[in-house]
Amino acid sequence: MPKPKAHPRVKPALSEGELAAILKACEGKGWLHLRNRALVLVLLDTGMRLSEAQRLTVADAKRERLVILGKGEKERMAFLSVETRLALKRYLKACPYALNDDAPLWWGRYGALTLWGLKLALKRLGQRAGVPLGAHKLRRSFATWSLRNGCDLERLRLLMGHSDYATLRRYLALLESDLKQAHERYSPLTTLRGRKRRE
């Protein structure tokens, strides 16, 4: 008899309060604070995987539209908002290294950051903010908040670089309040109540 499959546990996205705490933890003097803010905004703004963000170059930071090579060598587009591009510009202006367009985007005290270095930077930032933080939490937050803001599933799937909806579903941590609002908006009784008020 085959072993029953456990239902995947949906992990939560960042709350508004947690995100505010993380961005507050990015404040301070020094270029590393600017780097941390730029890193958080890039991941939150695009839903990139950390390995994808680690491959970005200085030239990418100057673009509004990026072509990302994701899992399985599949290409997709990602977009950087004005706020994110401004954060990147401030970080690069303060960065003490002499960088050309082909240089890696993310740097630390001892040189260009590896994937492990980026993970460590996010972990330490989360510790300062009092919020457990990793790239996947920011990716889940991108997906969840995009959906809350009205993005349809097909566009979200393309932005996330998923081949199907089953994978996307694992990232969508809808809260009880989201479901309550959906019920209030779409319940048949809501339509009936509206009709009675008009009569």
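The values are calculated or read from the model by the stated rules, or taken from the named source; none is laboratory data. Worth saying up front: this structure is predicted, and the values here are computed from it rather than measured. Cβ: placed from backbone, ideal geometry, glycine included. Neighbour counts: every protein chain shown.
Results for (1) at pLDDT 70 or above; (2) part of a loop (DSSP other than H, G, I, E, B), shown as yes or no for each residue.
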residue: Asn100; (1), (2): yes, yes
residue: Phe142; (1), (2): yes, no
residue: Leu158; (1), (2): yes, no
residue: Asp178; (1), (2): no, no
residue: Gln181; (1), (2): no, no
residue: Gly194; (1), (2): no, no
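In the stretch 26-48, what count of residues is obtained for those that are touching a His at 6+ places or on another chain (Cβ under 8 Å) and in contact (Cβ under 8 Å) with a residue 12 or more places away in the chain?
Matching residues across the stretch 26-48 total 1.
Taking every residue in the stretch 84-101 that is within 11 Å of Ala61 (Cβ to Cβ) and touching a residue at least 60 places away in the same chain (Cβ under 8 Å) and pairing it with any residue that is part of a loop (DSSP other than H, G, I, E, B) and of a type outside the set (S, T, N, Q), at least 6 positions away or on another chain, the pairs with Cβ-Cβ distances below 9 Å are Tyr91/Leu105.
Checking the conditions here, which among Ala59, Ala121, Ala53 is among the small types (Gly, Ala, Ser), assigned to a helix (DSSP H, G or I) and in contact with a strand residue (DSSP E or B) (Cβ under 8 Å, 6 or more places away or on another chain)? Explain how you work it out, then say what you get.
On the way: Ala59 fails: in contact with a strand residue (DSSP E or B) (Cβ under 8 Å, 6 or more places away or on another chain); Ala53 fails: in contact with a strand residue (DSSP E or B) (Cβ under 8 Å, 6 or more places away or on another chain).
Criteria check complete, one pass: Ala121.
Quick one: would you say Glu27 is farther than 18 Å from Lys119 by Cβ and in contact with a helix residue (DSSP H, G or I) (Cβ under 7 Å, 6 or more places away or on another chain)? Criteria met by Glu27.
For first residues located in the stretch 118-145 and at positive phi and in contact (Cβ under 8 Å) with a residue 12 or more places away in the chain, partners that are part of a helix (DSSP H, G or I) and among the aliphatic types (A, V, I, L, M) and lie 6+ apart or on another chain with Cβ distances below 8 Å form the pairs Gly130/Ala21. Whenever a residue of the stretch 1-20 is under 19 Å from Arg139 (Cβ atoms), its partners that are of a type outside the set (Phe, Trp, Tyr) and modelled with pLDDT of 80 or more, lying with C-beta atoms within less than 6 angstrom and at least six residues away or across chains, give the pairs Ala13/Arg140; Ala13/Ser141; Ala13/Thr144; Leu14/Ser141; Glu18/Val131.
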